[in-house]
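See below for the structure under consideration.
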Amino acid sequence: MKTEVRDSPAKRCQECSSEHLVRDYERGEVLCKDCGMVLEDSLIDQGPEWRSFDSEQDERRARTGSPMTFLSHDKGLATEISWSNKDYYGKRIPHKNRAQIYRVRKWHQRIRVSNAAERNLSLALQMLNDNGVKLGIPKDIKETAALIYRRAVEKNLIRGRSIESIVCASVYAACRMVNLPRTLDEISKASEVNKKKIGKSYRHLAKELSLNLKPTTPYSYVAQFCNKLDLDKQAIVMSEDIVRKSIEAGIASGKGPTGVAAASIYIASVLVGKPRTQKEVARVSGVTEVTIRNRYKEITKHLGIPGLE
């Protein structure tokens with residue numbers, strides 16, 4: 001089997017300076033696709049020595065566990081007993097043995113948490129994972145949020161504050177770090193924690209952990225709001241163009257980024273022939289209809305866009 005070398009784009013053939021290099025796994029060589037010169041030989045295959053033809057077979061033949069994760073208080077290094085009533089071979093566990101297996105699971109869960117600190121960390125990380133699922137954020141962002149929360153625990157920033165607010169603040173900070181922000185209203189709604197408490201906890205974390213996060217821009221919210229409104233790529237491009245012109249004209253200066261993004265999407269939806277009402281846009285963006293109308297009037301006036309009333 002031969003594959004093109006893509007992990008080192010700066011690597012060139014010593015003979016013809018070509019970048020078209022191929023890795024031949026059967027011979028253990030890296031050779032030039034153009035002139036045929038062998039650049040490396042005796043390569044070590046880092047993959048497994050066995051083959052699998054489906055995910056179930058791959059899982060059964062693997063001899064290692066899951067990778068480490070910050071979403072578990074023990075980083076996923078402990079053994080877990082599955083809650084399914086099936087044994088290793090996939091056979092159902094008899095009813096007379098299920099009560100015994102249940103007790104084993106219960107005591108196994110208890111001994112994994114040795115003290116109050118671990119119990120609180122386990123509770124917080126479970127809460128963080130649940131909030132991440134409700135918000136629809138990917139696993140890497142939840143891992144980042146868990147790492148922020150662990151740093152806060154190490155610096156004793158949790159004392160005197162609720163676990164819920166610190167968890168929500170960690171999620172908010174992680175989303176901003178990867179430029180995929182969620183509004184405080186969204187996080188507050190998903191976690192049922194007061195928005196002001198989340199904001200206060202976030203400012204505390206940002207100061208004590210020196211997060212140095214840049215202010216969010218309207219660009220960060222356009223794609224997210226458009227997807228929720230079921231608008232296509234044309235509307236997203238149009239909205240981003242309106243946002244860019246608004247920033248260049250100084251209209252967005254001192255204004256909330258979500259309000260500018262919502263007004264731009266409202267204008268773009270009408271211009272592309274797929275209008276959304278101000279009420280619909282306000283619902284997904286978390287700003288009021290009054291704010292959208294004010295930003296809409298400012299943008300249309302300064303950019304010379306014809307009235308959309």
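Just to be sure, is Glu208 within 27 Å of the chain's Cα centre (by Cα), closer than 28 Å to Cys168 by Cβ, of a type in the set (D, E, K, R) and exposed (fewer than 14 other Cβ atoms within 10 Å of the Cβ)? So that I can check it myself, show each step before the final result.
Values: within 27 Å of the chain's Cα centre (by Cα): yes; closer than 28 Å to Cys168 by Cβ: yes; of a type in the set (D, E, K, R): yes; exposed (fewer than 14 other Cβ atoms within 10 Å of the Cβ): yes.
So Glu208 passes the test.
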Options Asn179, Asn227; residue that is closer than 30 Å to His302 by Cβ and in a helix (DSSP H, G or I):
Asn227
Count of the range 104-122 residues which are more than 27 Å from Asn85 (Cβ to Cβ), assigned to a helix (DSSP H, G or I) and among the small types (Gly, Ala, Ser):
2
What pairs come out if I take residues in the range 23-38 that are more than 16 Å from Arg12 (Cα to Cα) and in the same structural domain as Arg12 (by TED's automatic domain parsing) and pair them with residues that are of a type in the set (D, E, K, R) and outside any strand (DSSP E or B) whose C-beta lies under 8 Å away, six or more apart or interchain?
Tyr25/Asp45; Arg27/Asp41; Gly28/Asp41; Gly28/Asp45
Matching residues, the range 159-173, being modelled with pLDDT under 90 and touching a Lys or Arg at 6+ places or on another chain (Cβ under 9 Å)
Arg161, Ser162
From (1) closer than 21 Å to His73 by Cβ; (2) at pLDDT 90 or above; (3) not hydroxyl-bearing (Ser, Thr, Tyr), pick out the condition that doesn't hold for His204.
(1)
Filter the range 77-126 for residues that are modelled with pLDDT under 80 and in contact with a strand residue (DSSP E or B) (Cβ under 8 Å, 6 or more places away or on another chain); the one that is surrounded by the fewest Cβ atoms within 10 Å (Cβ to Cβ) is Lys86
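Out of all the residues in the range 225-239, which are surrounded by 15 or more Cβ atoms within 10 Å (Cβ to Cβ) and either without any contact (Cβ under 8 Å) to a residue 24 or more places away in the chain or over 19 Å from the mean Cα position of the chain (by Cα) (or both)? Give the steps one after another, and end with the answer.
Here is the first cut: in the range 225-239, the residues surrounded by 15 or more Cβ atoms within 10 Å (Cβ to Cβ) are 225-226, 229, 231, 235-236, 238-239.
Scanning the range 225-239 gives Leu229, Leu231, Ala235, Ile236, Met238, Ser239.
Any chance the range 187-195 includes a residue that's surrounded by 15 or more Cβ atoms within 10 Å (Cβ to Cβ), outside the structural domain of Gly286 (by TED's automatic domain parsing) and among the β-branched types (Val, Ile, Thr)? Lay out the reasoning, then the answer.
Filtering the range 187-195 down to residues surrounded by 15 or more Cβ atoms within 10 Å (Cβ to Cβ) leaves 187-188, 190-191, 193-195.
Subset that is outside the structural domain of Gly286 (by TED's automatic domain parsing): 187-188, 190-191, 193-195.
Keeping just the survivors that are among the β-branched types (Val, Ile, Thr) gives 187, 193.
Checked the range 187-195: at least one residue is surrounded by 15 or more Cβ atoms within 10 Å (Cβ to Cβ), outside the structural domain of Gly286 (by TED's automatic domain parsing) and among the β-branched types (Val, Ile, Thr).
The values are calculated or read from the model by the stated rules, or taken from the named source; none is laboratory data. Please read these numbers as outputs of a predicted model, since none were measured by experiment. All Cβ positions, glycine included, derive from the backbone under ideal geometry; neighbour counts span all protein chains shown.
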